[in-house]
1. Take residues that are modelled with pLDDT under 95 and tell me which of the helices (runs of 4 or more DSSP H) falling wholly in segment 135-244 contain 3 or more.
2. Exactly one condition in (1) of a type outside the set (D, E, K, R); (2) at pLDDT 95 or above; (3) assigned to a loop (DSSP other than H, G, I, E, B) is not met by A16; state its number.
3. Which numbered condition trips up G129, out of (1) surrounded by fewer than 20 Cβ atoms within 10 Å (Cβ to Cβ); (2) closer than 18 Å to L6 by Cβ?
4. Name, by its number, the condition in (1) touching a strand residue (DSSP E or B) at 6+ places or on another chain (Cβ under 8 Å); (2) open to solvent by 30 Å² or more (accessible area, probe 1.4 Å) that does not hold for A113.
5. Taking segment 47-106 as the search range and keeping residues that are closer than 15 Å to V34 by Cα and in a loop (DSSP other than H, G, I, E, B), which one is least open to solvent (accessible area, probe 1.4 Å)?
6. Can you say whether E187 is under 20 Å from F29 (Cα atoms), open to solvent by 10 Å² or more (accessible area, probe 1.4 Å), touching a residue at least 12 places away in the same chain (Cβ under 8 Å) and over 11 Å from the mean Cα position of the chain (by Cα), as far as the supplied structure shows?
7. Can E102 be described as out of contact with any Gly (no Cβ under 9 Å at 6 or more places or on another chain) and closer than 19 Å to E187 by Cβ?
8. What residue, among those in segment 194-217 that are open to solvent by 40 Å² or more (accessible area, probe 1.4 Å) and in contact with a helix residue (DSSP H, G or I) (Cβ under 8 Å, 6 or more places away or on another chain), is nearest to D150 (Cα to Cα)?
Amino acid sequence: VRKFRLPVVVPHVPEAVPRAEFGVPDDRFMFLFVFDYLSTAERKNPVGVIEAYTRAFGPDEGAVLVLKSINGEKRIEQLERVRRAAEDRPDIIVLDTYLTPELHNALLAQCDAYVSLHRSEGFGLDMAGAMGLGKPVVATRYSGNLEFMDDATAYLVDYELGPVGPGCEPYPEDSRWAYPNLDHAAELLRRVVDHPEEARERGRRASARIRGEFALDSASEALARMLDEARARHAGQGSWRRFF
């Protein structure tokens, strides 16, 4: 078994799409989190993002949090829970709607930082895309995103492993996943705003890694080497292996 690195295509950003297109003010530091309710809200943990953000910032401290989601109408209970968590904060925007790929990329480009306090993650394409665009990313120090993140390229949030528990289908109740430390997350969100040059530098390193190690050309070369090695390993075996 060989693990093959997933390539990341950095989003193409259309020109002249203002923040006003998404109802976001121009004069605030914008945190963004993107998720799909059909990917399980408990796993994606949007309420945890809201909780960490409200611990870090008051409503008039110059920041704004945008939660961009889809399929909330198919998971009304979870959507309403997110709305209730944000209802007293005018600086938290809950945007549950489909966007064209162009507008999705524009929204990603408009943010100042990306945040994901997931409990588990397959890979994290939006996190990787944000990093490719040079955005500082605050994310749980757990799961698939560690394929492309470390302390040099992201702000990683401490966690404790705990049971998934009931009501999180399709995940078994006795499985375990991460519970991010929300105080630590709030500290890192605040740090991104309070230390802008450090955050920009981390974003620059993140972009260099995604555009270098995870570029399509790099992945293609790695796959070609893997195939060559596999062919060479079996070259001296029986004719049926040479055929394949």
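1. Details: elements: 182-194, 196-212, 216-233, 239-243.
Filter on segment 135-244 gives 216-233, 239-243.
2. (2)
3. (1)
4. Exception for A113: condition (2).
5. Top of the filtered list is N71.
6. yes
7. Details: out of contact with any Gly (no Cβ under 9 Å at 6 or more places or on another chain): yes; closer than 19 Å to E187 by Cβ: no.
Judged against the criteria, E102 is not a match.
8. Only one residue fits best here, namely R209.
The values are calculated or read from the model by the stated rules, or taken from the named source; none is laboratory data. No experiment lies behind these values; they were computed from the predicted model shown. Don't worry about glycine lacking a Cβ; one is built from the backbone with ideal geometry, like all the others, and counts go over all protein chains shown. Each accessible area value is taken on the protein alone, full model and side chains, heavy atoms only, with ligands, DNA and RNA left out. Shrake-Rupley method; radii C 1.70, N 1.55, O 1.52, S 1.80 Å.
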